[in-house]
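Step one of this worksheet: look at the structure below.
Any read-out appearing in this document is the output of simple, stated calculations on the displayed coordinates, not a laboratory observation. Note that the structure is predicted; figures quoted are calculated from it, not measured. Note that each Cβ is placed from the backbone with ideal geometry, even for glycine, and that neighbours are counted across all protein chains shown.
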Amino acid sequence: MESIEAFILAGGASSRMGSDKFQLPLQGQTVAQLIANALHDVASSVTVVGRQLDDPSLNCKPDVYPQWGALGGVHAALSGCMTEWAIIVACDMPWVSGDLFKRLGSLREQFDAVVPVQADGRPQPLCGFYRVGPCLTAAERLIKDGERRPLTLLQSVRTRWVPFEELNDLPEAEFLFANLNTPDDYARALMKGESLHTKD
């Protein structure tokens, strides 16, 4: 693929987890590093949005609209992107993969965004490709109107929704969209990480 910049949204409060989920250790790395490793398979750079980290391998960028939720994070990523396309990922999805982003990236033609839909039918707006021009224009308009949901942005541009049936052949597909929101989620992630380590 051509040069694409990737952004990890890390501006949330992690209130349900009780600690910074982005820095939780998993498979000998932090969650941040796991996500960044997957993104480096397809992106020319990886930037963390909404958080300053003591990690020299990751660029960091503040929110343009602090405390504006997920759409504010998307807007900050798009406003800082120098390439035509941006990959945007939430900070609580440790099992995303380079294979996933390559598949999504292959579906961009004639669309302004490409976003997967998980097995239960819920879209994952914070795990997709955004064409910067039209998506940034839409994000700015929606924020001025008081909107905070990325889903509303995606409904206002040409979005390719990718059903799980088009992704379930990918390795570890059942875990791709597993979120880290609570201590129980983290305990399950640790168990999965240990299982993967045993396989290796």
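Can you list residue pairs whose Cβ atoms sit under 7 Å apart, with the first residue in the range 42-57 being more than 11 Å from residue 32 (Cα to Cα) and the second being among the acidic types (Asp, Glu)? Count only pairs 6 or more apart in sequence or on different chains.
43/5; 44/5; 45/5; 49/63; 50/63
Mind listing whichever residues of the range 97-106 are more than 21 Å from residue 152 (Cα to Cα) and of a type in the set (A, V, I, L, M, F, W, C)?
100, 101
Taking the range 144-162 on its own, how many of its residues are part of a helix (DSSP H, G or I) and surrounded by 19 or more Cβ atoms within 10 Å (Cβ to Cβ)?
The number of residues fulfilling the criteria is 3.
All but one of (1) out of contact with any Leu (no Cβ under 8 Å at 6 or more places or on another chain); (2) farther than 25 Å from residue 175 by Cα hold for residue 7, so report the exception by its number.
Evaluating residue 7 over (1) out of contact with any Leu (no Cβ under 8 Å at 6 or more places or on another chain); (2) farther than 25 Å from residue 175 by Cα leaves (2) as the failure.
Of the residues in the range 53-105, how many are small (Gly, Ala, Ser), assigned to a helix (DSSP H, G or I) and surrounded by 19 or more Cβ atoms within 10 Å (Cβ to Cβ)?
So the answer is 5.
Look through the range 164-181, keep the residues that are part of a helix (DSSP H, G or I) and without any contact (Cβ under 8 Å) to a residue 24 or more places away in the chain, and return whichever of them is farthest from residue 115 (Cα to Cα).
173
For the range 86-126, give me each residue that is touching a residue at least 12 places away in the same chain (Cβ under 8 Å), more than 21 Å from residue 188 (Cα to Cα) and either in contact with a His (Cβ under 7 Å, 6 or more places away or on another chain) or of a type in the set (D, E, K, R) (or both).
Passing the criteria: 99, 102, 103, 108, 112.
Of all residues in the range 35-52, count the ones that are part of a loop (DSSP other than H, G, I, E, B), touching a helix residue (DSSP H, G or I) at 6+ places or on another chain (Cβ under 8 Å) and within 20 Å of residue 69 (Cα to Cα).
2
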